Every structure is written in structure tokens, then in C-alpha cells.
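These notes are about the structure you will find just below.
What follows draws every value from the coordinates through simple rules; no lab data is involved. No experiment lies behind these values; they were computed from the predicted model shown. We place every Cβ from the backbone using ideal geometry, glycine too, and count neighbours over all the protein chains shown.
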Amino acid sequence: MHITSLGFSLTPDLLQMIAEARFHGLDVTVECYPYTATQTTIESAVYDEGWQEKFGIGYEDLQWAETGERLTAESFAKYRKTGGMVIAHSISEDVVKSTITDSIVIIASDGMLSGGKGHPRGTGTFARVLGKYVRAEKLLSLADGLRKITLMPAKRLEEIAPVMKNKGRINVGADADITIFDPEQIIDQATYEEPAKYSKGIEYVLVNGVVVVKNGHLQEELFPGKAVRGTIR
């Protein structure tokens, strides 16, 4: 999971290892999000002594999610005691590009916002793929970009959650979970300072056939979604 988050410059080597494992019949998949920064709790083991050398970054590369401030040795020590979310600018754009264009890589968000603060991946992941990497940089075709954010994750989960056979595709009998967007306009607007900003170019969103975004505006007090449950063996 999140192969760029801990792979960093070694991510291409990890992808090669996974490709070879798959060639030999092992059921291994991988995903990433399309950003150059990670997010986790500052009190986690990730930031135990030696993190600077391990990840090749310093205090100035850390950003406190709550305030947007870049950290120092003093503020790092303070927040380690109080706990909370920290963003680390630690992934190169070249690694992001080569990873999201790899044919076996699924796109995932895993975003978490609290009071409008957090990582922009929670709001902008899929619009960023379609706007930045498909339209602007032409690293992926529109079909490939859509496949990575819809069909691939759905198919990965089908075995443990059969309901996912009705997700990630448009056909008779499938769940009507549909996003209608303008491919010439869609783009993320969420930033590390303002991570809750809505993306542009998304006109309608249907969940279970219910319109929850209409003409670009969220329809309040509608909750048509259902939990997806599966069995892990």
C-alpha cells in the first residue's frame, strides 16, 4: 500500500520486485496517491530517531496539518508530545509520475480531513489524476486514468467483497455510482494549506442512483451510500 510513501527513490525497484512476483503467480497488487507528500501521525514510529537519515528529509520538510506551518527541531519535539497529523514533503515528482503510469498500479486516496485540515489527497486525488496527469501532462490516456481509479480497485476487492462486482463499471445491473465530469475542465484545487477545496469540472455525482452533486453543487442531507463489507480469509 502507498508504495511511494515509504519507497521514495527505491519505488522503481519495489515495482520491479512486485512485477516479478506477479509473473511467478503471486497475488500481489500495489497502489499509490498522486502527491509528493505523505501524511501520518507525528507520534508514530515513522518519526522515531533516525527518520531524517532514513527518508532523506529534515524538519523543514515537515508541515503541521493543523496550521500549515513548517516545523523546526523545537516544534517537532513539541508536537511529538501532543500528537497529531504531520505532512512530509518527501517524494520526488519523477517517482510519482513513473509510479502512477505503471500498468499494475491502482490509484488510491486514503485521505482524512478533520475540521477541513489534513492532506489534499482526501479531496483532490482523482481529479488530480484526470486533470494533471491525463489532460495536462498526457502521461495516461483518459481510459487508463479512469480504469486506475474505478475498475482496477473494484476488481481487486471483488473476491472478498462480491458487491464490488457491481462497482467501477457502467453496465446493466451495476450500482449507479456515477461521476459526470468535463474532461477539459476537471482539476484538483485542494492544497496542503487548503486541503478541503472542491475540485473543478465535476458537474454531477450519483450514489446508488441518487444525485448528490447537481450542477456542481452538493445536495445537502442526502445519504444514499451503503457500507461495503467483505470477508478476509
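Values for this structure:
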{"quantity": "Residue check for residue 141: touching a residue at least 12 places away in the same chain (Cβ under 8 Å), out of contact with any strand residue (DSSP E or B) (no Cβ under 6 Å at 6 or more places or on another chain) and among the hydroxyl-bearing types (Ser, Thr, Tyr)", "calculated": "no"}
{"quantity": "Single residue of region 29-51 satisfying the filter (under 19 Å from the mean Cα position of the chain (by Cα) and part of a loop (DSSP other than H, G, I, E, B)) that is surrounded by the most Cβ atoms within 10 Å (Cβ to Cβ)", "calculated": "33"}
{"quantity": "Selection within region 168-190 - over 13 Å from residue 127 (Cα atoms) and either in a strand (DSSP E or B) or in contact (Cβ under 8 Å) with a residue 40 or more places away in the chain (or both)", "calculated": "178"}
{"quantity": "Residue in region 150-164 that is assigned to a loop (DSSP other than H, G, I, E, B), closer than 23 Å to residue 123 by Cβ and in contact with a Leu (Cβ under 6 Å, 6 or more places away or on another chain) present", "calculated": "no"}
{"quantity": "Region 66-83 - residue that is within 25 Å of the chain's Cα centre (by Cα) and of a type in the set (Asp, Glu) and, of those, farthest from residue 125 (Cα to Cα)", "calculated": "69"}
{"quantity": "Single match in 86, 96 (criterion: within 14 Å of the chain's Cα centre (by Cα) and either surrounded by fewer than 15 Cβ atoms within 10 Å (Cβ to Cβ) or among the β-branched types (Val, Ile, Thr) (or both))", "calculated": "96"}
